[in-house]
């Protein structure tokens, strides 16, 4: 079955810095890749997604890049703020499936 | 507007007891409801997806047994039993508008601690 690997497991940066979170997946049948953010004690919050027929998607300070050939995604967050501190999860799902396969998460800490 | 509510939000579970969790959907336009579990290391794992009232599924995983029931169009339940002593588990439900590639929204979760 699908496996999703996410790196790094943690990041600590100063406010204003940019960060990059990487994910790779194994199943070429995966076609949809949503990302979520989880703050301590709070629900998973959808932040951005991309489909396999796209290469790039941007939402304000978030840019998501997708490489179908290498089965790799990367989330770029610019101008980080302390409020961005959270665990970020990438996930993958195949066509017609409702099951999300999650990466192991990246704990981002933005220091003021 | 919150799409999903869960109760209880947390529970101390005496060893050997089962616990029943509820997930309430506030918008019936998201009929595909699922349960996920998250361990202390924050790893998320899909458990079940149930679409129609009356649907039921069971699953046994290391550390707990699960029974999911779609009670109504707006209520999903999860019974968690035989949890390992000392275990902490976080169960969250989700809702999806279609059966395929679309944004899946999550509930606030229930935290379980086995005594």
Test item: A:95-103 mean partner chain Cβ contacts at 10 Å
6
Give me the distance in nm between label points sitting 7 Å out from Cα along the Cα-to-Cβ direction at residue B:18 and residue A:70, one decimal.
4.9 nm
For region B:69-115, what is the relative contact order in percent, using Cα pairs closer than 8 Å and at least 6 residues apart in sequence?
37 percent
Sequence-separation-based contact order of chain A, relative, with Cα cut under 8 Å and 6+ spacing, percent:
37 percent
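Once you sort the root eigenvalues of the Cα gyration tensor of chain B as a ≥ b ≥ c, which label holds: rounded (a/c under 1.5), prolate (a/b larger than b/c) or oblate (the other case)?
Prolate, because a/c is 1.5 or more and a/b exceeds b/c.
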Distances longer than 15 Å among the Cα atoms of region B:1-69: what percent of all pairs is that?
63 percent
Give me B:48, A:46 sorted ascending by neighbouring Cβ count inside 10 Å, so fewest comes first.
A:46, B:48
Region A:1-60 versus region B:56-83: alpha-carbon centroid distance in Å
28 Å
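Cα convex hull of the protein assembly as shown: mean projected area in nm², to one decimal?
12.3 nm²
Over chain B, what is the mean sequence separation of C-alpha contacts under 8 Å (at least six apart), divided by residue count, expressed as relative contact order in percent?
Dividing the mean separation by the residue count of chain B yields 35 percent.
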Find the eigenvalues of the gyration tensor of the Cα atoms of chain A, then list the square roots of 5 times those eigenvalues as equivalent ellipsoid semi-axes, largest first, in whole angstrom.
24, 14, 12
Fewest-first ordering of A:12, A:48 by Cβ atoms within 10 Å yields A:12, A:48
Quick shape check on region B:53-101: root eigenvalues a ≥ b ≥ c of the Cα gyration tensor, a/c under 1.5 is rounded, otherwise prolate if a/b tops b/c, else oblate, and it reads prolate
Mean per-residue count of partner chain Cβ within 10 Å for B:33-43 equals 3
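Readers should treat all values here as calculations from the given coordinates under stated rules, not as data from a laboratory. Every value quoted in this text rests on a predicted model; they were computed, and no experiment measured them. Note: ideal-geometry Cβ built from the backbone for every residue, glycine included; neighbour counts use all protein chains shown.
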